[in-house]
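Visitor: First the structure, then my questions, so here it is.
The values are calculated or read from the model by the stated rules, or taken from the named source; none is laboratory data. Here the structure is a predicted model, which is why all the values come from computation and not from measurement. Cβ coordinates were reconstructed from backbone atoms using ideal geometry, including for glycine residues, and neighbour counts include every protein chain displayed.
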Amino acid sequence: MSLLRTEGVVKKFYGLTAVDRVNLEINEGEIVGLIGPNGSGKTTLFDCITGFLKVDAGRVLFRDKDITNKMPYLIALLGISRTFQNARLFLKLTVEQNMMIAIQQHQRLSSLTALTERRKVKELEKEALERSDTLLKLVGLDRLSQEYAGNLSYGQRKLLSFAMALIPYPKLVLLDEPAAAVNPTMIEKTKDLIKQLNSKGLTFFIIEHNMEVIMNICDRVIVLNHGVKIAEGSPNKVRSDPKVIEAYLGE
Amino acid sequence: MVSSLQVKRIGGLMLYCIIVAGILIVPFLIQSPYILHILILAGIYLILAQSLNLMLGYVGFLSLAQTAFFGIGAYTSAILAVTYRQPFWIGLILAIILPSLIAAVVGIPFLRLSRHSFVISTLGFLLICWLVARNWVEVTRGPLGIPGIPSPTLNLFDLVEVSFSSRASYYILMMTSVLIITLFLIKLVNSRIGRAFIAIREDEALAQSVGINTLKYKLIAFSISAGIAGVAGSLFAHYITFLDPTIFEFYNLEHVLVITLVGGSGTIGGPILGSVIFTILPEVLRVAKEYRLIVYGIILLSTVLLMPEGVGGRFKTYMHKRRLKGVYAK
Amino acid sequence: MSAETIFIQHLVNGLLLSGIYGLVAVGLTLIYGVLEIVNFAHGEFYMLGAYFTFIASAWLGLPYYLSIILAVVSSALIALLVERGAIRPIVERPFESKVLSTFAISMILANVVLLLFTATPQTVRTGIAGTLEFAGVFFSVERVVALLTGYLAFLALHFFLQKTRLGKAIRAVAQNREACYVVGIDLNKMARLTFTLGIGLAGLAGALIAPIFSIEPSMGQAVVLKAFAIVIVGGFGSVKGAALAALLVGLGESLVGGYVSATLKDGLSFLIIMLVLIIRPQGIFGRTTRVL
């Protein structure tokens, strides 16, 4: 069953077409890679899917529901999570506070009750702390929960943003370069995590330059060049596609 | 058995009672009307500074419209008291409601803008208010101003009537308001709502991506901050007893920016510290208003350049580091 | 006076205002483009330009054209100092710090002038007072001089930005900062140059307006809001947009003031700000259409 589908998505900046009529489909339970030379529109496409950019034409459908140009927070609440390329975090807050901010958005509580009903809030906070601890254990950051996010290493930051992306019980997670600028041990860890979560039914859509990672974990790869989808298929098939080779060599 | 946590809590409560008692006992110890006058004004600016602090320090949006809400609150209260002969309490309540509503309405377009445009649009809003106050003569009496705003009175079921016409009694009214607002803000910023504010301040895009409806929280903050500024305005109008469009002048805005920034935005203690500093400082400096603003400008500039987190912010960082040391020591 | 004569006078006054606002706004928009700073102190430099003219003509007894040059050079020199001391250290800081820094500068400058010259309005005498007759309509010489000089300065600026290497570099930075690291443009140098140039233009505007209206320390506050309105309408960072919007606001103010009401004239620029922001809520500052 298709989980995410884009139909002719177009995004222009100042007359320059960054994403050009892209059609793609991601099925439930898949791990799909998104590759392409620098500036080929990969992150822009992510931004269009998650509502951070308004598309100029086309539609984005999530579980056959039109989510085109919806506010990013609504898309997040619907079940599409994402990480950012440079592992954005609330740097001045602690690891645990980062997690708590994200978790509380998925607990049903009106703003007014948050101020008045003490007991209910206490209960929810306890739940949230437990969930934060579980997820931090999963990515191996539980011992750093009181550390400022700004003091984490780059690899640790990526793990924390990964953990935060898991908070809304997402159906689909978009990862923007999870392995870039991370040491080999951390890359292995990330790969294991993705596979482990995927085996439990979570779907992934991953931008990555590290071909080893792509070959290793992806079921399917989509290639963008100058905003146009130029190839799609199994990692091995895409790797030997002359159009793809040309795109990378022409860089 | 009494646990250490309970001891701590009881200790905190006692400390709190001592502070409250200390603040409220001042007029019985100091009879100097001049000192009380200074303290009352400091209280008004503190409330206004906290309203700015909520937007700038917690949500991360610099609003220059806080003195506009201050002025709207003051005019609402003054007009109700003078033109419509309503009691102070009704004026005060409307001085909270009206600015909050206006903030919610103008906030919808303003808060969708980038932080850059937001600053300018709030400045534009302030100047429109100024213009309206000067030109809507039928209601505001224009530059002539509204004289004879009565002192507040509290009428308890026609049994007791308390008048806040003396300096000492106004001081009590003032500080009670300061305490209530401070407590409310402490509760607010430490609540789940406060956490969402801070998330927006730190990284709005990330806040959206974890599911925060940022516009909603920004609107909540803007409305609350406008209401708080309205309280300050109402208390100002009934204290000074005269109101004219100069309330919208930049002097108030500059004063409040300096208090908030130097004290440290993003902490509740910061503006309190700032208003203490800037209550004492002019008395020590004893200079003309023109010099004072130059000095304030230099202080503001140095703070932005050298200590952007303010005195209070620096203290907070220091405390957190100490606490963190404690955590790791265990 | 006939209706046509009055109309022509409003028109010429509008063009004069447009030129003055344009000079102030272009500096503001360039500074935003290159330094990403909304300069709240910009109006104070316009005010300084006027006061330097006053000093030069009333105290030093210089002829008007020398006073103008002195005013521009002095404002630019102060701009260099300010850039060094208060702008460069915060270029990489969050937007709010930049605003507060320029706000503090504006407080200092406005109040220093208030202290030195008091709030009493001053008049600048140029020695070129008099009237010119053109097609039956009379204009004061000072206005004509201000009008022509203002538009001449605009032409010179246009030439500088379009034709010279330095001007092209400034435009490049204003359009795309990131790309400049690649091309190897010295951003610090561009920032200093742009800031000084922008302030110099504001100083010139002040010097030109000085003999026409009386000058006072608060004159900067009034003009900077109009400049903001112009820059918002024209699109932040765009010189062409600012020039066109200046024409709109200047003529609009003159005609509204002449035919509708003086209050509406004062409020026109704020109304324009609000209107544009409501019609284009995605933010006029935004260089891309990013939601956040």
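Visitor: Considering C:97, C:57, C:106, which residue is at pLDDT 90 or above and either hydroxyl-bearing (Ser, Thr, Tyr) or farther than 18 Å from residue B:302 by Cβ (or both)?
Guide: C:106
Visitor: If you go through the stretch A:4-38, how many residues are in contact (Cβ under 8 Å) with a residue 24 or more places away in the chain and either out of contact with any Ser or Thr (no Cβ under 9 Å at 6 or more places or on another chain) or over 23 Å from residue A:213 (Cα atoms) (or both)?
Guide: 21
Visitor: If you don't mind, another one. Filter the stretch C:226-263 down to the residues that are within 13 Å of chain B (Cβ to nearest Cβ) and outside any helix (DSSP H, G or I), then identify the one that is modelled with the highest pLDDT. Show your work before the answer.
Guide: To start, the set of residues in the stretch C:226-263 that are within 13 Å of chain B (Cβ to nearest Cβ) comprises C:226-233, C:235-237, C:261-263.
When the remaining residues are screened for being outside any helix (DSSP H, G or I), the result is C:235-237, C:261.
Values: C:235: 74, C:236: 71, C:237: 73, C:261: 80.
That would be C:261.
Visitor: The conditions are (1) surrounded by 21 or more Cβ atoms within 10 Å (Cβ to Cβ); (2) within 14 Å of chain B (Cβ to nearest Cβ); (3) over 21 Å from residue C:190 (Cβ atoms), and residue C:114 fails exactly one of them. Which is it?
Guide: Condition (1) is where residue C:114 drops out.
Visitor: Exactly one condition in (1) away from chain B (no Cβ under 14 Å); (2) polar (S, T, N, Q); (3) farther than 20 Å from residue A:180 by Cβ is not met by residue A:38; state its number.
Guide: Residue A:38 satisfies all of (1) away from chain B (no Cβ under 14 Å); (2) polar (S, T, N, Q); (3) farther than 20 Å from residue A:180 by Cβ except (3).
Visitor: If you check residue C:78 against the conditions, is it more than 14 Å from chain B (Cβ to nearest Cβ), β-branched (Val, Ile, Thr) and assigned to a helix (DSSP H, G or I)? Explain how you work it out, then say what you get.
Guide: Numbers: more than 14 Å from chain B (Cβ to nearest Cβ): yes; β-branched (Val, Ile, Thr): yes; assigned to a helix (DSSP H, G or I): yes.
Yes: the conditions hold for residue C:78.
Visitor: Any residue in the stretch C:159-173 that is more than 15 Å from residue C:240 (Cα to Cα) sitting within a Cβ distance under 9 Å of a residue that is surrounded by 13 or more Cβ atoms within 10 Å (Cβ to Cβ) and among the β-branched types (Val, Ile, Thr)? List the pairs, counting only those 6 or more apart or interchain.
Guide: Final answer for the pair search is C:169/C:185; C:173/C:34; C:173/C:185; C:173/C:194.
Visitor: Only one residue in B:235, B:154, B:219 is over 26 Å from residue B:115 (Cβ atoms) and at pLDDT 90 or above. Which one? Walk me through it before giving the result.
Guide: Numbers: B:154 fails: at pLDDT 90 or above; B:219 fails: over 26 Å from residue B:115 (Cβ atoms).
On inspection, the qualifying residue turns out to be B:235.
Visitor: Tell me which residues, restricted to the stretch B:212-265, are crowded, with 24+ Cβ neighbours inside 10 Å, within 12 Å of another protein chain (Cβ to nearest Cβ) and either on the phi > 0 side of the Ramachandran plot or polar (S, T, N, Q) (or both).
Guide: B:260, B:265
Visitor: Determine whether the stretch A:192-201 contains at least one residue that is within 19 Å of residue B:199 (Cα to Cα) and among the hydrophobic types (A, V, I, L, M, F, W, C).
Guide: No: zero hits.
Visitor: Next question. Touching a helix residue (DSSP H, G or I) at 6+ places or on another chain (Cβ under 9 Å), charged (D, E, K, R) and surrounded by 14 or more Cβ atoms within 10 Å (Cβ to Cβ): which single residue out of C:93, C:84 fits that description? Outline the logic, then answer.
Guide: Values: C:84 fails: surrounded by 14 or more Cβ atoms within 10 Å (Cβ to Cβ).
From the options C:93, C:84, the qualifying one is C:93.
Visitor: Return the only residue of C:19, C:49, C:27, C:14 being part of a helix (DSSP H, G or I) and touching a His at 6+ places or on another chain (Cβ under 9 Å).
Guide: C:27
Visitor: For the stretch B:132-144, name all the residues that are surrounded by fewer than 16 Cβ atoms within 10 Å (Cβ to Cβ) and more than 13 Å from chain C (Cβ to nearest Cβ).
Guide: Listed by number, the residues that qualify are B:138, B:139, B:144.
Visitor: Can you say whether residue B:63 is at pLDDT 90 or above and either under 21 Å from the mean Cα position of the chain (by Cα) or away from chain C (no Cβ under 14 Å) (or both), as far as the supplied structure shows?
Guide: The answer is yes for residue B:63.
Visitor: Within the stretch A:3-59, how many residues are of a type in the set (Phe, Trp, Tyr), surrounded by 15 or more Cβ atoms within 10 Å (Cβ to Cβ) and either over 23 Å from residue B:206 (Cα atoms) or out of contact with any helix residue (DSSP H, G or I) (no Cβ under 7 Å at 6 or more places or on another chain) (or both)?
Guide: 2
Quick grid of which residues meet (1) within 13 Å of another protein chain (Cβ to nearest Cβ); (2) at positive phi; (3) more than 18 Å from the chain's Cα centre (by Cα):
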position: A:45; (1), (2), (3): no, no, no
position: A:51; (1), (2), (3): yes, yes, no
position: A:73; (1), (2), (3): yes, no, no
position: A:76; (1), (2), (3): yes, no, no
position: A:79; (1), (2), (3): yes, yes, no
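Visitor: Now a separate question. Any idea which residue in the stretch B:16-54 is farthest from residue B:123 (Cα to Cα), counting only those that are polar (S, T, N, Q) and not in a helix (DSSP H, G or I)?
Guide: This residue is B:31.
Visitor: Related question: Please verify whether the stretch A:82-92 includes one or more residues that are within 23 Å of residue A:227 (Cα to Cα), of a type in the set (A, V, I, L, M, F, W, C), facing another protein chain (nearest Cβ under 9 Å) and within 16 Å of the chain's Cα centre (by Cα).
Guide: yes
Visitor: Which residue out of C:95, C:117, C:103 is touching a Phe, Trp or Tyr at 6+ places or on another chain (Cβ under 6 Å) and more than 15 Å from residue C:199 (Cβ to Cβ)?
Guide: On inspection, the qualifying residue turns out to be C:103.
Visitor: Check residue B:115 against each of (1) in contact with an Asp or Glu (Cβ under 8 Å, 6 or more places away or on another chain); (2) surrounded by 14 or more Cβ atoms within 10 Å (Cβ to Cβ); (3) over 27 Å from residue C:264 (Cα atoms); (4) away from chain C (no Cβ under 13 Å) and name the one condition it does not meet.
Guide: (4)
Visitor: May I pose another question? Within the stretch B:151-171, can you find the residues that are farther than 24 Å from residue B:79 by Cα and assigned to a helix (DSSP H, G or I)? Please lay out each step first, then the result.
Guide: Step one: list which residues in the stretch B:151-171 are farther than 24 Å from residue B:79 by Cα, which gives B:157-160, B:168.
Matches in the stretch B:151-171: B:168 only.
Visitor: In the stretch C:44-65, what residues are without any contact (Cβ under 8 Å) to a residue 60 or more places away in the chain and not aromatic (Phe, Trp, Tyr)?
Guide: Within the stretch C:44-65, C:55, C:56, C:60, C:61, C:62 meet the criteria.
Visitor: For the stretch B:192-249, please list each of the helices (runs of 4 or more DSSP H) lying entirely inside it that holds at least 2 residues being in the same structural domain as residue B:69 (by TED's automatic domain parsing) and within 30 Å of residue B:83 (Cβ to Cβ). I'd like the intermediate steps shown before the answer.
Guide: Values: elements: B:192-202, B:204-209, B:214-240.
Output list reads B:214-240.
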